[in-house]
Amino acid sequence: MLLLEWFFDNRRCTNEEVSEMGSKYSLSKTISKKDLIDLWTLACRSRALSGTLKKNRDHVYGACLLGILQENVSLIPMFVLHKMGIFLGSIKNGDHRTLWEMFVMADFVNTESKNKEVCDLNHVDGVFRNHFGRMPHISKKTGEPDSNGGRDGNTHSRGCPTCRIIGLLVSDMGRLVGLAAGYGEAIASREWAGIDPKKRPVSISFHGEGAEQQGVIHETRNRIAANNYTYASLDEIVGRYGDHWMDDITKELLVVRPSPHIQVINANEFSLFTDAIEEHGNAALHLRASGYGNMKGYSIHDWDIPGMINVFEHAIRDAQQAIPSIVVVRSYRGTAHNEDQIAYEDGAFDAEEFGRAKSIAGLSDLARFHEAWEKDPVLVMLRDYIETAASVSADELDEIYGHEKEDMHARAARILEEPHVTLEHDKEDRSWYPAIDWGSLPAYPLSAEMPTENMGYNQAFAWITGELMKEDDRVVYFGEDVYSNGVLGLTKGIGKKFGPKRIWNMPISEEDGVLNAAGLGLYGLKPILEFQFGWFGHDADPAIECMATQWYQKKLKMDFVMVYPCGIVRSGGSAQYHEEWPEKNLWETKGTIIVAPANAREVVGIMRAAYACESPVAVLLQISAANLQEFSSDIPSEPYAIPIGKAQIVREGTDVTVIAYGAACVSAANNEAEFLAKKNISVHVVNPLTLRPLDLETLRREVIKTGRLIVMHEASEETGIGSEILTQVLEDDRTFYSLLARPRLVCAGMEGDLFIPTESNLIWARLPYHKEEVEAKDAKNRTVKRIIHRSKILHERIVELMEFS
């Protein structure tokens, strides 16, 4: 009797019989002889694909990373998804040892189900093109390419959005788990209602036992546990959130935001250069499930075919009920980590007898290696199972394998004749940002007759967020403490209006928050993620780097908005993690748009523009602008967008050009210009508004107008991008030679290296501006006291420029 070690209901149960475990479901009873022959064919196709890449190593650019002997790890679950009728509907994410099986299955299912009407790509051919650096084929149905076009690593496939396959986008495989889980949550929220529970699509991701040790995987599991929390009754949910948002799935499962996710850990029996003791203390990885709510854990060998089928049917059925799982599949790496690290006995390579290795870098004892090949999970164990269960002759199975090898060799030879990716092809699209037809979006209305409402900075943000959510049910909002207005009041009134499926509190897990947003965005939702304070977003920098570059390199649409509240809180003193600005780190990430609205009008217009983007957008809000009249605007009742990448002329002038970003600095520059006008100094103030990509055409033109330049921002010189602005603006010869004097930078820390202090005198000594109370007229022409921003140091720098030029 085949035995299985598995984890159930937070109790460890060992030596549970597979036959007993399989009694709950009956997939194994419906598997036909044809199904088993198809499974064998797909396994042979996957092995032949790896073998053909191995044989053509000289044509593979970069590393050659294969999953030989480990095909069953992902092929069996893909087969189970197919038999359950949800392969195409479920989101799948694989690493370099588990991805080929998804492509092989997708090609098979598309042919079987006539899904070629939806996706006409041949994904296996795309694997060869990716590895051989050939020109991608473009789908006539979707416009999607089958490969990366020579960009990124050959194993870093973009996958196939149409077939819901997420490729190995980055080597940080742990981060892809959160991406796939987020996509799965979108599937559950958008597609589960009204369908047979047994036909609910799920999400499944694969990573190795090495990636399992990445901290972000804990963040993702914690998020899944929070999302899948099962309430005791419907009354408990209603008491917490009301019932105006309630749907049938919540009523059935007593779960607000189901996360139907399965995490598969491909646990190598050996890892090169390290071992299980050094990686994780030889821990039983499936037992980690016990720490995450209702999550279940399973552990099984990849050669246990009926056990694998039963385990994955259980895991998928549970996922369809919002019960997630960890499935540890114990396998053996049948080659080196990189194909350059293995040497074979004479004649073995040509004969494709890849078990006859004579040396492997990082492995001193080959006895276990050879033993694993004798127990090959595909060519021995799967073969024996199918030969017996389907009553198929050995000769027939051999013939299938021989045919698959011949076909793969022929494919490789054909694709090697195709043209290489060229520099000219790569130049066709090196855009960091998605092209947007701004003419299709409503412009800011100029009619004086347009009804308006005066709104403060934060009020405008909450208003436009609510408007976007009202107009498009794909817009969702999440962050720390946002459901009940948020610490800074950015979501005032939104939570109760839209309910916890559209706006929710996330754990203190910024990195996973970005991955969740990316998964929701890749699905097609329009997520907005709020970091409680801007500097908290630095915890998410690795995830932003991984996700944003997917637009730049592979043109994957991961449109999500990240909100960074920046700068001092109230009167300051909250220190670095609450008051620093994050733009420098974001600036260095290809594919991320960065905007910094300076007033309520810009907040509304730029948020609508960000909503229209297909790449990540970082919105830097000024915390201290919250309710100050200085930053309020009359907001038109009709929708409008302010185009991204277009600088704003704040004030016309002729003597000095000040390029300032961040609401407080823009206002300080404008106010200082007002005071300097009394000294007959005319200051020209420009707000870039979009920090990435900069509107260099406008910025250079405005500098040439005056011949004098000052760049101003609130961050320190090291953490701001003033130096970058100066460099890029002055790279243009005409702009550079128009200067009458050396340009200046005004930023935090100019009175000395004061690192985000707490004491009041130090706070205002560090900042490049100060607050001042002045008399002003209100809407009824009454004299009132108001706070405005000014800048003593900017004033001095402007006067200096005028004196010395």
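The values are calculated or read from the model by the stated rules, or taken from the named source; none is laboratory data. Quick caveat, the model's predicted, so the values are computed rather than measured. Don't worry about glycine lacking a Cβ; one is built from the backbone with ideal geometry, like all the others, and counts go over all protein chains shown. For accessibility, only protein heavy atoms count, side chains too; no ligands or nucleic acids. Shrake-Rupley method; radii C 1.70, N 1.55, O 1.52, S 1.80 Å.
Observations, loosely collected:
- Between the C-alpha center of the stretch 340-380 and that of the stretch 584-608 there is a gap of 54 Å.
- Per residue accessible area of the chain, 1.4 Å probe, in Å²: 38 Å²
- Overall Cα dimensions of the stretch 160-233, principal axis frame, Å, largest first: 38, 34, 16
- Beta bridges by DSSP in the chain, antiparallel share as percent, to the nearest 5: 35 percent
- With every protein chain in place, the chain: carbon and sulfur % of accessible area (1.4 Å): 49 percent
- Within the assembled protein chains, the solvent-accessible surface assigned to Thr41 is about 30 Å², based on a 1.4 Å probe.
- Overall, the ratio between the Cα radius of gyration of the chain and 2.2 N^0.38 Å, rounded to two decimals, is 1.06.
- Within the same chain, aspartates and glutamates fewer than 8 places from Lys792 are excluded, and of the rest, those with a Cα less than 17 Å from its Cα are Glu672, Glu674, Glu714, Glu751, Glu772, Glu773, Glu800, Glu803.
- Value at 222 nm in deg cm²/dmol, rounded to 500, when DSSP H runs of n ≥ 4 in the chain each add -39,500 (n - 2.57): -11500 deg cm²/dmol
- The HN-Hα couplings worked out from phi for the stretch 303-308 by the Karplus form 6.51 cos²θ - 1.76 cosθ + 1.60 (θ = phi - 60°) are 7, 8, 5, x, x, 4 Hz, whole numbers, x standing for Gly and Pro.
- Sequence-distant lysines (8 or more away, or on other chains) whose Cα lies within less than 27 Å of Lys375: Lys29, Lys33, Lys34, Lys54, Lys55, Lys83, Lys358, Lys405
- The three principal axes of the C-alpha atoms in the stretch 607-758 carry coordinate ranges of 43, 40, 33 Å, sorted with the longest axis first.
- Secondary structure note: in the stretch 648-804, about 50% of the DSSP beta bridges are antiparallel.
- Amide hydrogen neighbours beyond the local backbone of Val650, cut-off 5 Å, H modeled: Val685, Val686, Asn687
- Where the Cα pairs of the stretch 438-636 fall when distances are cut into 5 Å bins, in %: 1, 8, 16, 21, 22, 17, 10, 4, 1, 0
- Computed from backbone phi with θ = phi - 60° and the Karplus coefficients 6.51, -1.76 and 1.60, the 3J(HN,Hα) list for the stretch 181-196 is 5, x, 4, x, 5, 5, 4, 4, 6, 9, 10, 6, 4, x, 10, 4 Hz; x is used for glycine and proline.
- Take 642-651, 578-587, 44-53 and order them by the average number of nearby Cβ atoms within 10 Å per residue, most first; the result is 44-53, 578-587, 642-651.
- Note on the stretch 438-636: lysine pairs with Cα distance below 16 Å, sequence gap of 8 or more or different chains, count 10.
- Arg782/Arg734 FRET efficiency (R0 51 Å; Cβ-Cβ; nearest 0.05): 0.55
- Relative to the current alpha-carbon distance between Glu652 and Glu773, full extension at 0.36 nm per residue lengthens the span by 41.1 nm.
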